[in-house]
Amino acid sequence: MQKIEMFDLIIIGGGPTGMFAAYYAGMRELKTKLIESLPQLGGQIELMYPEKIIRDIGAIPEIKGKQLIKNLHKQLNTFQTDISTKETVLTIEKDSDYFIVTTNQASYYGKSVLLTSGQGLFEPRKLTIEHNQEYEKTNLHYYVQDLELYRNKKVAILGGGDSAVDWALMLEKIAEKVYLVHRRNRFRAHEASVSQLNESSIEIFTPYLLNSLAGDSHKIQEIHLKERRGESQLTLPVDFLIVNYGFISDSLQLEKWGLNVERASASVSQQMASNIPGIFAAGDAADFEGKVKLIATGFGEVPTAINSIIRYLDIY
């Protein structure tokens, strides 16, 4: 019989929290496997927000997403971690005192599991109004990967959260003109960002909704807005439209694995332990009363999770 390779810990999810967890596990000398479904580590930050400025990490006043991931790679490489990318976890099964984690490529064996997979499968909330799907291939975007694409262009952004406001402030320095459209008078972004927004040259349209798009067969040329509870209508010429309505998460996989789920995340204790002994969670994959889902929160939860895992391994 072929001898199986047994890991102390299998981490599912290679975003910022998972990368830091793998480093911290190495520091505690745990034999660790890290599994990520995307072609590279870094999660949503690497895939969709490489140019976004992050300001909620202690001792780092501000850092671009891509630089944060680069730093995490450097930190992770301090210790030897067995890493698999382009592998999607399908099942987690417990066999006596260890787990069998099966992906679309292979099966792995571990004494414990840490979920750092965010909120599962995700995709941007897209426009619900009728529009030419060809626009999504040209100048209708749901996230920003290259700021230079918008240099000296007219850019409209739809949304009122942190990402929408942050993108508007970043593009103000690059684009010819930036419009920010939100359906409410108040923004849901951090107060300091909103103050900066109000002092900027960005044209703010609230409370307005997108009514329709107009353009040729390939590109949007203007957007039509309608006042949310009034009759006022506006037309804005644009070179690009960025829609930032957040993301849709799918927690069905967590439920299939037998985990208790709250707000599309695994419900955990103060020790970051799930309802299944030996399975823990941190970052956006974990939820508890009062949880604030930020990168800084995920980093802070990692030491608690890893130390709880070590206590679990000592017992079992």
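The values are calculated or read from the model by the stated rules, or taken from the named source; none is laboratory data. Owing to the predicted nature of the structure, the values given are computational and were not obtained by experimental measurement. Cβ: placed from backbone, ideal geometry, glycine included. Neighbour counts: every protein chain shown. Calculation scope for accessible area: heavy atoms of the full protein, side chains included, ligands and nucleic acids excluded. Shrake-Rupley method; radii C 1.70, N 1.55, O 1.52, S 1.80 Å.
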Query - Filtered residue count, region 146-162, keeping only those that are part of a helix (DSSP H, G or I) and open to solvent by less than 20 Å² (accessible area, probe 1.4 Å) - result: 2
Query raised in the report: Within region 57-75, is even one residue β-branched (V, I, T), open to solvent by 60 Å² or more (accessible area, probe 1.4 Å) and in contact with a helix residue (DSSP H, G or I) (Cβ under 8 Å, 6 or more places away or on another chain)?
Result: no
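Here is a check on your reading of the model: is T91 assigned to a strand (DSSP E or B) and open to solvent by 30 Å² or more (accessible area, probe 1.4 Å)?
yes
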Query raised in the report: In this structure, is E87 closer than 30 Å to S107 by Cα, touching a strand residue (DSSP E or B) at 6+ places or on another chain (Cβ under 7 Å) and touching a residue at least 40 places away in the same chain (Cβ under 8 Å)?
Result: yes
Report task. Select from region 233-258 the residues that are outside any loop (DSSP other than H, G, I, E, B), modelled with pLDDT of 95 or more and under 23 Å from D146 (Cβ atoms) and list them in ascending order. Result -> L236, P237, F240, L241, I242, V243
Query raised in the report: How many residues does region 267-316 contain that are at pLDDT 95 or above, under 21 Å from the mean Cα position of the chain (by Cα), among the aliphatic types (A, V, I, L, M) and farther than 17 Å from A21 by Cα?
Result: 0
Requested in this report: Tell me, yes or no, whether region 124-131 has at least one residue that is more than 26 Å from G298 (Cβ to Cβ), open to solvent by 50 Å² or more (accessible area, probe 1.4 Å) and of a type in the set (D, E).
Outcome: yes
Report task. Return yes when Y143 is of a type in the set (F, W, Y), surrounded by 18 or more Cβ atoms within 10 Å (Cβ to Cβ), modelled with pLDDT under 95 and not in a helix (DSSP H, G or I) and no when it is not. Result -> yes
**Report entry** region 175-203, subset of a type in the set (A, V, I, L, M, F, W, C) and out of contact with any helix residue (DSSP H, G or I) (no Cβ under 7 Å at 6 or more places or on another chain), residue nearest to A156 (Cα to Cα)
**Finding:** V181
Query raised in the report: Filtering region 240-292 down to residues that are hydroxyl-bearing (S, T, Y) and over 30 Å from Q221 (Cβ atoms), which residue is least open to solvent (accessible area, probe 1.4 Å)?
Result: S265
Query raised in the report: So which residues in region 105-123 are in a loop (DSSP other than H, G, I, E, B), open to solvent by 20 Å² or more (accessible area, probe 1.4 Å) and at pLDDT 95 or above, if there are any at all?
Result: Q105, A106, K111
Report task. Count, please, the residues in region 45-69 that happen to be in contact with a strand residue (DSSP E or B) (Cβ under 7 Å, 6 or more places away or on another chain), at pLDDT below 95 and part of a helix (DSSP H, G or I). Result -> 1
